[in-house]
Structure formats: structure tokens, C-alpha cells
1. Write out the trypsin sites (Lys or Arg not before Pro) in region 12-52 meeting two conditions: DSSP loop, and at most 12 other Cβ atoms within 10 Å of their Cβ.
2. Give me the one-decimal nm value for the distance between modelled label points at L25 and N52, 7 Å along each residue's Cα-to-Cβ direction.
3. If you take every residue apart from S62 with its C-beta less than 11 Å away from the C-beta of S62, what net charge results, scoring Lys and Arg +1 and Asp and Glu -1?
4. Give the total of Lys-Lys pairs in region 3-97 with Cα-Cα distances below 22 Å; include a pair only if its members are 8 or more places apart or on different chains.
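Throughout, read-outs are computed from the coordinates displayed, never taken from laboratory work. Bear in mind that the values here come from a model prediction, so they are computed numbers and not experimental data. So basically every Cβ, Gly included, is an ideal-geometry build from the backbone, and we count neighbours across all protein chains shown.
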Amino acid sequence: MDYHVYCIYCPESKKPRYIGTTNDLDTRMCQHINTPHSYAIGLFIESLKSKNKKPVCKILQSFEYYDEAIEFEKSKIIELSTNGEDLLNHRYNVAKKKQNDYYLTDFED
């Protein structure tokens, strides 16, 4: 079984928006489009849908082993986010780690 590291691009700007790993690209893309796992990806997909556009997906590289695919995914996210690309990924994203997307509290409720 091959594991694919893929990139979802904006069809308008041609810029990368998300990097992921999967062993079933068709199913994974359907999940991104129909039941996004994050609010940011959901907004991106809905924005495209409202313009009758679809995200563009490209396999960046395929691997025999999952661990190799994950390492490559991580390196691509770090590389692209370090170079200023506005990726929707939060894991490994250098730019997103600098932002506070949440409030940290120590009170108990």
C-alpha cells in the first residue's frame, strides 16, 4: 500500500493551502470537501463552493511506508510555512505557531 503526500491548492491563486498524507486520495478529498476536519479548511472549501470552484489536488510524493510519508509531509509544511505560504495546517506550521488561535486558562469549571 502506498502513502501519498498531497497538496491542496487554491484554483484561483494557484497557491498551496494544505498538505496531507493518505493512502486513499479519493476518499480523503471527499472528506475535506464534505466533512472538513477543521474550521479553517471548511471555510476555504465553502468559499470555493460559493464561486462554483473546486480545490486542486496534487500528489507531491508517494511512499511505501507511513513513517516516511509523515516525515516528508512535516518537512513540506515547515518549508512552505517558513517561506510565507498561508497553509491551513496547524501541525508543524511555523507561521501558525506564532499566532494565538486559542486562549489558555488555568481556571476550573
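1. Working: sites: K14, R17, R28, K49, K51; in loops: K14, K51.
In loop regions of region 12-52 (DSSP not H, G, I, E or B), the sparsely surrounded trypsin sites (Lys or Arg not before Pro) are K14, K51.
2. 2.7 nm
3. Values: positive: none; negative: D2, E64, E68.
Here the charged neighbours net out to -3.
4. Close lysine pairs under the 22 Å cut-off: 24.
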